[in-house]
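Inspection log for the structure reproduced underneath, given as structure tokens.
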Amino acid sequence: MDGSFTIVVVGAIAVFVVIGLIAYLAGGNVYEQIGQGGMSLGDSTASEPAGPPPGSAQAARERELEIRQMLQARSDRLVRKGGQPLDIDAELARLEQAHAGTPASHDRGLEEDVRKLVVARNERRARAGQAPLDVEDEVARTLRELSP
């Protein structure tokens, strides 16, 4: 009884190993197949592009439509919670103005922190014998870099 059990277990393991090796050799690299298929965004076999070309009028209309949908959902949520509905057009105009590259206002705390960093940088430069930087210009440059 004990000998036949061992033979069955060893035989099953041998069969599983052979089947596994055959599947491995026949399957190729599975990781190269990840993301391929009809639902993939980057599928090179797709017959039509995933969306309109960036910067086109159609892309701008789709973007505006999606923003309106998100604003409408936010407004609906506010109404459900007992608040006032959002003015969708005013919110959209505010977001478009922010996206158009108008300078974003930073809070005073951020400006003060950046100013402290620039002053500390000037102190390090002075110790190294380098010319100090203009504090206001450096603060403005750093805040522009931090703007989205």
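The values are calculated or read from the model by the stated rules, or taken from the named source; none is laboratory data. Note that this is a predicted model, so its numbers are computed, not measured. Reconstructed Cβ throughout: ideal geometry from the backbone, glycine too, with neighbour counts over all protein chains shown.
Table: residues versus (1) at pLDDT below 90; (2) touching an Asp or Glu at 6+ places or on another chain (Cβ under 8 Å); (3) not in a helix (DSSP H, G or I).
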| residue | (1), (2), (3) |
| --- | --- |
| Gly101 | yes, no, yes |
| Arg115 | no, no, no |
| Val118 | no, yes, no |
| Ala126 | no, no, no |
### Query
What do you reckon, is Glu32 modelled with pLDDT under 85, among the charged types (D, E, K, R) and assigned to a helix (DSSP H, G or I)?
yes
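What are the residues in segment 52-64 that are surrounded by fewer than 10 Cβ atoms within 10 Å (Cβ to Cβ) and under 20 Å from Ala93 (Cα atoms), if any? Quick ask: steps written out before the conclusion?
Just the residues of segment 52-64 that are surrounded by fewer than 10 Cβ atoms within 10 Å (Cβ to Cβ), to begin with: 53-55, 57.
Within segment 52-64, Gly55, Ala57 qualify.
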### Message
Being more than 18 Å from Leu95 (Cα to Cα), at pLDDT 95 or above and not basic (Lys, Arg): is that true of Val15 here?
### Response
yes
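Considering only segment 114-131, state which residues are free of Cβ contacts under 8 Å to residues at least 24 places away in the same chain, of a type outside the set (A, V, I, L, M) and surrounded by 14 or more Cβ atoms within 10 Å (Cβ to Cβ). Show your work before the answer.
Applying the first criterion (free of Cβ contacts under 8 Å to residues at least 24 places away in the same chain) to segment 114-131 yields 116, 119-131.
Then keep just the ones that are of a type outside the set (A, V, I, L, M); that gives 116, 121-125, 127, 129-130.
Result: Arg121, Asn122.
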